[in-house]
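Notes follow the structure.
The values are calculated or read from the model by the stated rules, or taken from the named source; none is laboratory data. Worth saying up front: this structure is predicted, and the values here are computed from it rather than measured. All Cβ positions, glycine included, derive from the backbone under ideal geometry; neighbour counts span all protein chains shown.
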Amino acid sequence: MISRIWHGWTSLENAEAYESLLKSEIFLGIKNRKIDGFKGIQLLRRNIGDEVEFITIMRFDSLEDVSAFAGEDYELAVVPPKARALLSRFDARSQHYEVKAEDK
């Protein structure tokens, strides 16, 4: 299992709109692509002073499945134009980790 981790930041004023965009359009669009090996996505959020940090954690069976989502340069961030308009800054590249243990 591979976890793909990415960070983005918004202003306090854009945080609700960004979260709504993720939940109503972007996550649904990813799910509707029916990518083999895609296991789901989590959204984390926290306020830091005058910014709001968002972290997405996507789960895939393999790096090949990540490439099916993100393309040949699979570390490159996938940030649609509507999301870019609401973000003040974001990671240009995602990090990928092998999941070695999980306790449910």
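Residue check: Ile35 meets all listed conditions (1) out of contact with any His (no Cβ under 7 Å at 6 or more places or on another chain); (2) assigned to a helix (DSSP H, G or I); (3) of a type in the set (A, V, I, L, M, F, W, C) but one, namely (2). Among the residues that make up the range 51-61, is at least one of them over 30 Å from Leu12 (Cα atoms), modelled with pLDDT of 95 or more and not in a helix (DSSP H, G or I)? Yes, some residue in the range 51-61 is over 30 Å from Leu12 (Cα atoms), modelled with pLDDT of 95 or more and not in a helix (DSSP H, G or I). Checked against (1) of a type in the set (D, E, K, R); (2) in a loop (DSSP other than H, G, I, E, B); (3) modelled with pLDDT of 95 or more, Glu102 meets all criteria but (3).
Tell me, please, whether a residue that is within 12 Å of the chain's Cα centre (by Cα), crowded, with 17+ Cβ neighbours inside 10 Å and either small (Gly, Ala, Ser) or closer than 16 Å to Ser94 by Cα (or both) can be found in the range 31-52. Among the residues of the range 31-52, not one is within 12 Å of the chain's Cα centre (by Cα), crowded, with 17+ Cβ neighbours inside 10 Å and either small (Gly, Ala, Ser) or closer than 16 Å to Ser94 by Cα (or both), which makes the answer no. In the range 54-65, the condition of being over 19 Å from Arg89 (Cα atoms), buried (at least 17 other Cβ atoms within 10 Å of the Cβ) and more than 14 Å from the chain's Cα centre (by Cα) is met by at least one residue. Scanning the range 3-53 for residues that are in contact (Cβ under 8 Å) with a residue 40 or more places away in the chain and among the hydrophobic types (A, V, I, L, M, F, W, C) yields Ile5, Trp6, Trp9, Leu12, Ala17, Leu21, Leu22, Ile26, Val52.
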